[in-house]
């Protein structure tokens, strides 16, 4: 995934020098609770960074980006488009099939000191635009547990809608955002045909 610039942020691939992500995200039990369940050790974070560097080189258009504030270059969190084998998920509008769908999930985590300042919204909007305009992804999803009220509010702000998970072993709801840009040319063509 390439670097993206927004008004206040640089979204860029992670490097070996980004151990600050450990302090900001992975050592904070409150941030980890909803993002990755448990905190990580420094070594686990180093391993995570190695994998992120590999992922950027080998998976090109998907991956994790560091969220960095422009004025002081402070690393504040992460945002990602990641491929997920959704063995726990089935949308009502999907055909009934025994195969697990591959979906692209929007993922994010911001350090506590940087929450409620619009940074996550700004970073996610930029990554969504990249995914929809440049990658032509048809849909993004986000699995938010009901207790994560802040993340549910962010999904709603970003235009996601909550839909039931109809998988027999799945539970609750999931958030989805459809790429309306893909439908636009077909709608325009049918309007000019009349």
message: Please verify whether residue 46 is assigned to a helix (DSSP H, G or I), farther than 14 Å from residue 112 by Cα and in contact (Cβ under 8 Å) with a residue 24 or more places away in the chain, treating the condition exactly as stated.
response: yes
- request: Residue by residue through segment 7-40, note down the ones that are part of a loop (DSSP other than H, G, I, E, B) and buried (at least 17 other Cβ atoms within 10 Å of the Cβ).
  value: 14, 18, 28, 39, 40
message: When you scan segment 150-164, do you find a residue that is in contact with a strand residue (DSSP E or B) (Cβ under 6 Å, 6 or more places away or on another chain), within 13 Å of residue 79 (Cβ to Cβ) and at pLDDT below 95, even just one?
response: no
query: Conditions: (1) outside any strand (DSSP E or B); (2) touching a helix residue (DSSP H, G or I) at 6+ places or on another chain (Cβ under 9 Å); (3) within 15 Å of residue 111 (Cβ to Cβ). Residue 67 meets all but one. Number of the miss?
result: (1)
- request: Please determine, by comparing only the residues of segment 104-134 that are crowded, with 21+ Cβ neighbours inside 10 Å and either modelled with pLDDT under 95 or under 25 Å from residue 165 (Cα atoms) (or both), which one is nearest to the chain's Cα centre (by Cα).
  value: 106
- prompt: Looking at segment 135-149, which of its residues are in contact with a strand residue (DSSP E or B) (Cβ under 9 Å, 6 or more places away or on another chain), modelled with pLDDT under 90 and farther than 15 Å from residue 84 by Cα?
  reply: 146
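The values are calculated or read from the model by the stated rules, or taken from the named source; none is laboratory data. Everything quoted here is computed from the prediction, not taken from an experiment. When we count neighbours, we look across all protein chains shown, and the Cβ atoms used for this are built from the backbone with ideal geometry, even at glycine.
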